[in-house]
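For reference, the structure discussed in these notes is given below.
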Amino acid sequence: GAFRRAIAALEQARRSGIRAEIAMALTSRGCQGMRTMVDLASDLGVGISIQPSLPNRLGSSRENPATCAPEDFRRALRVVMRHKALHPRSPVRSSWSTLRHLASWPGDRRVRCAGGQVSCRVEPDGGVFHCGRVFANPHMNALSQGFLGAFLGLAEMSCTQCWCAPRLEMNFLYAPRP
C-alpha cells in the first residue's frame, strides 16, 4: 500500500527532474532495515536522511511505542555513516556534523539554534516559535505583533535535545557562533 505509493512518488519525482529524498524517523522496525533503505535510496537515485523517532509523540507527553532503543538507533546510524564514508556517491545527505550529533541520542548534546535567527515555526493561531518542539515563552504572535515583531522577539537559544535532521542541518549551517 503506502510503501509502494511512496516509491512510485519518488520515481515520478526523479523522472520529472525533482530532487527527492527519503527522510526517515527511525522506529524500532526501521532501525533493523537501515542497510536495505540506504541501498533502496541508492537504487532509486534519491537521497536519504535519518533521525530518531522520539520517545514521546509530537505535541504530547504520551509515549511513542514505535521508538527504537538507543543501541539499535546507533547501530543503524553506524550503517549510514559507514556507507557515507565508503561510497563517494552515497545517497546519505546528512552532513557529518549532523551524523555525529545524532550519535549522542538520547543523551543531552547542546546545539545552537537557528530558530529565531533564520527560521521559525508559525502556528495557525499566529504563534511564532523556534521550532515544532520548543514552545518557549514569551509567546510571540504574528497576528497581534506583526510577523517581523514576533520573529525578532524570539530570543537566541541553545537546545540540548534537538534530533530533527533538517533542523540540525540548518543549525550547523546558520546558527550564530560565539
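The values are calculated or read from the model by the stated rules, or taken from the named source; none is laboratory data. Because the structure is a prediction, the values reported are computed rather than measured. Counting neighbours? That spans all protein chains shown, and the Cβs are built from the backbone with ideal geometry, glycine included. When the accessible area is computed, the model is the full protein with side chains, heavy atoms only, and any ligands, DNA or RNA have been set aside. Shrake-Rupley method; radii C 1.70, N 1.55, O 1.52, S 1.80 Å.
So the values come out like this:
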quantity	calculated
D (Stokes-Einstein, µm²/s), Kirkwood Cα radius, region 45-98, 1.567 mPa s at 4 °C	102
Candidate residues ASP108, ASP125: accessible-area rank, largest first, probe 1.4 Å	ASP108, ASP125
Extension gain (nm, one decimal) between VAL118 and GLN145, 0.36 nm per residue minus Cα-Cα	7.9 nm
The chain - percent of accessible surface contributed by carbon and sulfur, probe 1.4 Å	54
Label point at ARG14 placed 7 Å out along Cα→Cβ; residues across region 28-67 whose backbone nitrogen lies under 11 Å	40-47
The chain: DSSP helices with Cα axial extent of at least 30 Å and average Kyte-Doolittle hydropathy no lower than 0.0	none
Note, ³J(HN,Hα) from phi for region 107-124, Karplus 6.51, -1.76, 1.60, rounded to Hz, x at Gly and Pro	x, 5, 8, 5, 9, 6, 9, 7, x, x, 10, 10, 8, 6, 10, 10, 8, x
Gain on full stretching of the segment that runs from ASP125 to MET157 - 0.36 nm per residue minus C-alpha separation	9.2 nm
Fraction of the pair-distance distribution of region 45-178 above 24 Å, Cα-Cα pairs, percent	38
Of SER60, SER16, GLY30, farthest towards positive along the dipole that unit charges on Lys, Arg, Asp, Glu beta carbons give region 1-71	SER16
Dipole magnitude of the chain about its Cα centre (Cβ charges: Lys, Arg +1; Asp, Glu -1), debye to nearest 20	560
Peptides 155-163, 142-150 ordered by average Cβ neighbours within 10 Å, highest first	155-163, 142-150
Residues whose placed amide H lies under 5 Å from that of ALA103, excluding near-sequence neighbours	none
Rounded accessible area per residue of the chain, 1.4 Å, Å²	58
Local net charge near ASP43, Cβ-Cβ under 13 Å (Lys/Arg +1, Asp/Glu -1)	+1
